[in-house]
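Trainee: Below you will find the structure I want to go over with you.
A short reminder: the numbers here are calculations on the coordinates, not readings from a lab. Remember, predicted model here, so these are calculated numbers, not experimental data. Cβ coordinates were reconstructed from backbone atoms using ideal geometry, including for glycine residues, and neighbour counts include every protein chain displayed.
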Amino acid sequence: MKRGELYRVYRGSKSDPKDFRVFVIISRQVLIDSKFSTVTCAPIYTTYDVLSTQVPVGVYEGLKHESSIHCDELVSIPKSMLSDFIGTLSWKKIDELKRALVIALDIED
């Protein structure tokens with residue numbers, strides 16, 4: 001399990017119309033490799049509103065549709081739920097993700 005990997009996760013939530021949602025891992029690698037049971041992830045939706053906190057992704061990353069990572073909606077997911085591997089972000093996409101997270105979390109450079 002690595003930062004930038006995409007997984008399909010069963011959510012079965014009343015707040016999400018889809019039972020399954022794809023998430024990208026954004027936690028730092030030291031946390032992913034630790035004994036902590038959860039990692040921080042960002043959801044991927046088929047909508048792309050061209051916001052600075054969204055990163056476009058698609059077939060190249062293993063998805064069926066053009067979509068986007070939504071960095072304004074971070075969640076903590078148990079590692080045990082991350083079993084349906086979809087794909088991996090390229091280094092370029094990881095850099096875009098880092099920029100989007102800086103904006104989403106209002107972190108000063």
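Trainee: Across 10 Å bins from 0, what is the distribution of all Cα-Cα pair distances for the range 5-104, in whole percents?
Mentor: All Cα pairs, binned at 10 Å, distribute as 16, 51, 30, 2 percent.
Trainee: Here is a follow-up. Taking the Cα centre of the chain as the origin and placing charges on Cβ (Lys, Arg +1; Asp, Glu -1), which of V75, Q54, V30 is farthest toward the positive end of the dipole?
Mentor: Towards the positive end, the residue furthest out is V30.
Trainee: Here's a follow-up. Take the residue pairs K35/K64; K2/K79; K35/K93; K2/K98; K64/K98 and return only those whose Cα atoms are more than 21 Å apart.
Mentor: Numbers: K35/K64 33 Å; K2/K79 11 Å; K35/K93 27 Å; K2/K98 15 Å; K64/K98 24 Å.
Violating the 21 Å Cα-Cα cut-off are K35/K64; K35/K93; K64/K98.
Trainee: Starting from the amide H of V57, placed 1.01 Å from N in the peptide plane, find each other amide H under 5 Å away whose residue is 5 or more places distant or on another chain.
Mentor: Counting only residues 5 or more places away or on other chains, the set is S67, S68, I69.
Trainee: Calculate the dipole size of the range 68-109 relative to its Cα centre from +1 charges on Lys and Arg beta carbons and -1 charges on Asp and Glu beta carbons; express the result in debye to the nearest 20.
Mentor: I would put it at about 260 debye.
Trainee: Compare the peptides 70-82, 51-63 by average per-residue count of other Cβ atoms within 10 angstrom and give them in order, highest first. Please list the in-between numbers first.
Mentor: Details: 70-82: 15.6, 51-63: 17.2.
So the order, starting with the most tightly packed, is 51-63, 70-82.
Trainee: Taking the Cβ of V24 as the centre, find all other residues whose Cβ is under 10 Å away and add up their charges (Lys, Arg: +1; Asp, Glu: -1). Intermediate values should be presented prior to the final figure.
Mentor: Values: positive: R3, K93; negative: E5, E61.
After counting each charged neighbour, the total is 0.
Trainee: Quick check on the chain: helices-only [θ] at 222 nm, where DSSP H runs of length 4 and up contribute -39,500 (n - 2.57) each and the sum goes over total residues. Nearest 500, please. Mind showing how you got there, number by number?
Mentor: Working: 2 runs with 18 residues, N = 109.
For the chain, the value works out to -4500 deg cm²/dmol.
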